[in-house]
Amino acid sequence: MNALLEVENLKVRFRSMGMLRALATRTSDPYIDAVCDVSFQVRPGETLGLVGESGSGKSTIARTLMGLNPAHSGSIRFDGRELTDLSQRSYKPFRRDMAMMFQDPVGSLSPRLTVRSLITEPFLIHGIRDRDRDVEAKRLLEMVGLSEEFAQRFPHQLSGGQARRVGVARALALDPRLIIADEPTAGLDVSVQGEVINLLARLQEELGIGMLVITHNLNVVRHISDHMAVMYLGRFVEKGPTEEVFYRPRHPYTEVLLSANPEPDPDARLERIEARGDVPSLMQRPPACEFHTRCPKAQEICSQVDPEVTTAEEGHTFRCHFPVNTPEDPDTDTVGAGSAGRSSRPG
Ligand SMILES: Nc1ncnc2c1ncn2[C@@H]1O[C@H](COP(=O)(O)OP(=O)(O)OP(=O)(O)O)[C@@H](O)[C@H]1O
Ligand code: SF4
Ligand SMILES: [Mg+2]
């Protein structure tokens with residue numbers, strides 16, 4: 001099946017300071033690269049999960065796909081059409097096919113509009129005037145499991161889970177082919193998180209929508225995504241089929257994230273492996289492997305030579321000189337066993 005969304009070597013750059021400050025501080029390169037050389041695809045009916053610490057560039061990718069930030073270089077193709085060279089005006093029709101659920105659902109909903117107005121606003125924005133908005137509101141509320149009485153409520157009268165459902169209803173209004181969901185479960189209780197994820201998974205299956213799900217929550221990624229990518233300082237350090245990455249992470253950073261994830265099954269729990277120190281500033285990117293200042297496996301070469309992208313099995317790729325969970329990794333003693341391939345580490 002052809003990809004719906006194809007991103008190749010995307011780079012997004014922001015000014016880190018104004019011209020005057022750059023001159024005053026003699027800063028010759030007053031930019032930060034929030035997204036570096038990122039490539040991925042999403043096919044219809046498929047979900048890609050994007051994980052990484054705060055500031056790693058996840059929302060910047062989402063906003064750039066929607067044409068809300070310019071791409072510095074690289075390519076974004078939707079249904080075969082290049083988007084990076086489009087004007088805002090030409091971008092608009094693509095926003096019908098690509099819907100965004102923003103990171104802060106209540107804050108991104110206008111407080112003075114009723115749910116009916118909020119979920120049918122996309123029709124007005126796109127100049128679609130031949131629909132009965134009451135009928136559409138009822139249809140959309142039903143799709144997300146809310147009764148029609150919700151149409152008259154205001155955002156402050158919604159619980160976190162209901163606000164999220166309203167966000168999903170609004171995203172579905174124009175029958176999108178791709179949904180970009182930025183932190184769809186942040187701030188919700190675990191049971192409500194489950195409801196929202198099940199709703200997204202059901203809609204995806206019924207409607208064949210492609211999804212990009214951005215989250216800090218690895219359990220969400222595991223539950224909903226076919227493929228996942230792990231970001232560090234704007235770069236994908238590992239990417240692959242979700243189960244493969246979960247059970248046999250190759251990049252030490254992925255293993256750090258996974259080992260910090262609360263795992264309900266005690267047999268599957270990893271030894272806790274921690275990264276050292278704080279995430280470096282994007283204004284002072286470490287040379288070569290950017291994770292070397294924090295990596296528990298770092299050796300001298302890591303700060304001198306940029307690791308190449310290595311392909312493991314089935315499109316599983318990673319960037320590391322000393323991957324974990326391989327026969328060569330001295331800390332691995334259970335590769336290939338049971339749920340596994342996960343390393344078990346001495347305490
Ligand atoms: N418009 C902007 N101008 C300047 N810098 C920006 C802008 N938008 C984002 N950044 C910077 O880009 C980096 C990536 O930010 P982004 O919001 O994409 O991270 P994130 O992974 O979504 O984080 P979080 O998990 O906290 O939402 C951050 O350092 C941020 O400060
Ligand atoms: S290249 Fe070196 S520093 Fe970077 S992740 Fe691999 S082991 Fe760690
Ligand atoms: Mg974000």
Inset, instruction - Could you please let me know if Asn261 is closer than 28 Å to Leu200 by Cβ and part of a loop (DSSP other than H, G, I, E, B)? - result: yes
Inset, instruction - Could you grab me the full set of residues in segment 31-51 that are at pLDDT below 95, within 11 Å of ligand 1 (Cβ to nearest atom) and not hydroxyl-bearing (Ser, Thr, Tyr)? - result: Ile32
Inset, instruction - Sort out which residues of segment 53-67 are open to solvent by less than 20 Å² (accessible area, probe 1.4 Å) and closer than 18 Å to Glu274 by Cα, and write them in order of number. - result: Ser56
Legend entry - The one condition in (1) under 17 Å from Thr311 (Cβ atoms); (2) of a type in the set (A, V, I, L, M); (3) open to solvent by 30 Å² or more (accessible area, probe 1.4 Å) that Leu207 fails to fulfil: (1)
Legend entry - Test for Pro30: is it of a type outside the set (Ser, Thr, Tyr) and surrounded by fewer than 12 Cβ atoms within 10 Å (Cβ to Cβ): no
Inset, instruction - Take Gly74 and decide whether it is in a strand (DSSP E or B), more than 27 Å from His223 (Cα to Cα) and either out of contact with any Lys or Arg (no Cβ under 7 Å at 6 or more places or on another chain) or more than 16 Å from ligand 3 (Cβ to nearest atom) (or both). - result: yes
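Before we move on, is Arg319 open to solvent by 20 Å² or more (accessible area, probe 1.4 Å), closer than 28 Å to Glu195 by Cβ and modelled with pLDDT of 90 or more?
no
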Inset, instruction - Tell me, yes or no, whether segment 86-93 has at least one residue that is outside any loop (DSSP other than H, G, I, E, B), modelled with pLDDT of 90 or more and buried (at least 17 other Cβ atoms within 10 Å of the Cβ). - result: no
Inset, instruction - Please find, within segment 116-147, the residue that is most open to solvent (accessible area, probe 1.4 Å) out of those that are without any contact (Cβ under 8 Å) to a residue 12 or more places away in the chain and under 18 Å from Leu207 (Cα atoms). - result: Glu142
Inset, instruction - Identify all residues within segment 207-228 that are hydrophobic (A, V, I, L, M, F, W, C) and within 12 Å of ligand 1 (Cβ to nearest atom); write none if there are none. - result: Ile214
Inset, instruction - Output the residues belonging to segment 269-314 that are at pLDDT 95 or above and in a helix (DSSP H, G or I). - result: Glu300, Ile301, Cys302, Ser303
Inset, instruction - Give Val309, Val279, Val305, Val324 a once-over and let me know the one that is within 16 Å of ligand 3 (Cβ to nearest atom) and either β-branched (Val, Ile, Thr) or buried (at least 19 other Cβ atoms within 10 Å of the Cβ) (or both). - result: Val279
Inset, instruction - Exactly one condition in (1) in a helix (DSSP H, G or I); (2) open to solvent by less than 10 Å² (accessible area, probe 1.4 Å) is not met by Ile180; state its number. - result: (1)
Inset, instruction - For Ser54, state whether it is away from ligand 2 (no atom under 16 Å from the Cβ) and part of a loop (DSSP other than H, G, I, E, B). - result: yes
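The values are calculated or read from the model by the stated rules, or taken from the named source; none is laboratory data. Keep in mind it's a predicted model, so treat the numbers as computed, not measured. Here the Cβ is made from the backbone with ideal geometry for all residues, glycine too, and neighbour counts use every protein chain on show. Surface areas here come from the heavy atoms of the whole protein model, side chains and all, with no ligands, DNA or RNA. Shrake-Rupley method; radii C 1.70, N 1.55, O 1.52, S 1.80 Å.
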